[in-house]
Structures are given as structure tokens and as C-alpha cells.
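Have a look at the structure below before the remarks.
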Amino acid sequence: MKLRKGIAVTTTEYGGVLLDEKSGSYWQLNDTSVIVVETLAAGRAPEAAVERIVAEFDVERAEAESDVAELTRRLVEAKILRP
């Protein structure tokens with residue numbers, strides 16, 4: 001997966017912001033969402049994001065897998081990520 005052209009991601013002390021430079025819309029991201037976006041934008045599989053989330057946060061693997069799948073689906077639907 002890749003971020004569509006014109007999408008910028010910036011980390012903040014509260015997580016991050018994903019900006020669609022073309023439309024001006026943005027998404028506020030929490031810490032785990034930043035991990036997912038950065039991992040997928042780097043061309044790595046969603047499972048790599050799950051691994052990192054499980055290692056860094058107190059969360060069960062099944063919950064991390066579900067959350068990563070849901071965020072990935074929403075970003076694809078919003079045409080922010082291209083499969």
C-alpha cells in the first residue's frame with residue numbers, strides 16, 4: 001500500500017495529523033494510527049504495524065489486528081491509501 005500523492009503526515013506530541021493537501025481535509029491520528037500509517041506508507045504489510053503496536057502498547061494481538069484492519073479499510077475508502 002502507498003499513500004496517495006498529496007498526502008502529508010506529521011507527528012505531534014499527541015499523535016499525528018494526516019493532511020490531504022488537495023482537498024484540505026485532515027485526519028487527527030493517535031499514536032497507534034501514526035504507526036499504522038507510517039508502516040503502510042513505507043510499503044510494509046499491515047501485520048508489521050500489528051507487531052509494532054503489540055510490542056509498544058498494552059494491547060491484545062486480536063484487538064490490534066482488528067484496529068489495524070479497520071483503519072486500513074477506512075483509509076482505502078477515503079482514497080488516502082492505495083492498495
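Some points to look at:
- Using alpha-carbon coordinates, inclination of helix 46-56 to the longest axis of the chain, degrees: 60 degrees
- Whole-number accessible area per residue in Å² for the chain, which is evaluated in the context of all protein chains at 1.4 Å: 65 Å²
- The chain: angle of helix 61-77 to the longest principal axis, Cα-based, in degrees nearest 10: 10 degrees
- Each listed q (0.15, 0.25, 0.30 Å⁻¹) maps to a log10 I(q)/I(0) for the stretch 38-83 from the Debye sum over equal C-alpha point scatterers, namely -0.36, -0.89, -1.11.
- Ellipticity estimate at 222 nm from DSSP helix runs (n ≥ 4, -39,500 (n - 2.57)) divided over the chain, nearest 500: -15000 deg cm²/dmol
- Rounded to whole numbers, the Karplus 3J(HN,Hα) couplings from phi for the stretch 2-10 are 9, 6, 5, 4, x, 9, 10, 10, 10 Hz, using 6.51 cos²θ - 1.76 cosθ + 1.60 with θ = phi - 60°, and x at Gly and Pro.
- Protein accessible area in the chain, 1.4 Å probe - carbon and sulfur %: 49 percent
- Distances between every pair of Cα atoms in the chain, grouped in 5 Å steps from 0 to the bin holding the largest one, split as 3, 16, 28, 27, 17, 7, 2, 0 percent.
The values are calculated or read from the model by the stated rules, or taken from the named source; none is laboratory data. No experiment lies behind these values; they were computed from the predicted model shown. Calculation scope for accessible area: heavy atoms of the full protein, side chains included, ligands and nucleic acids excluded. Shrake-Rupley method; radii C 1.70, N 1.55, O 1.52, S 1.80 Å.
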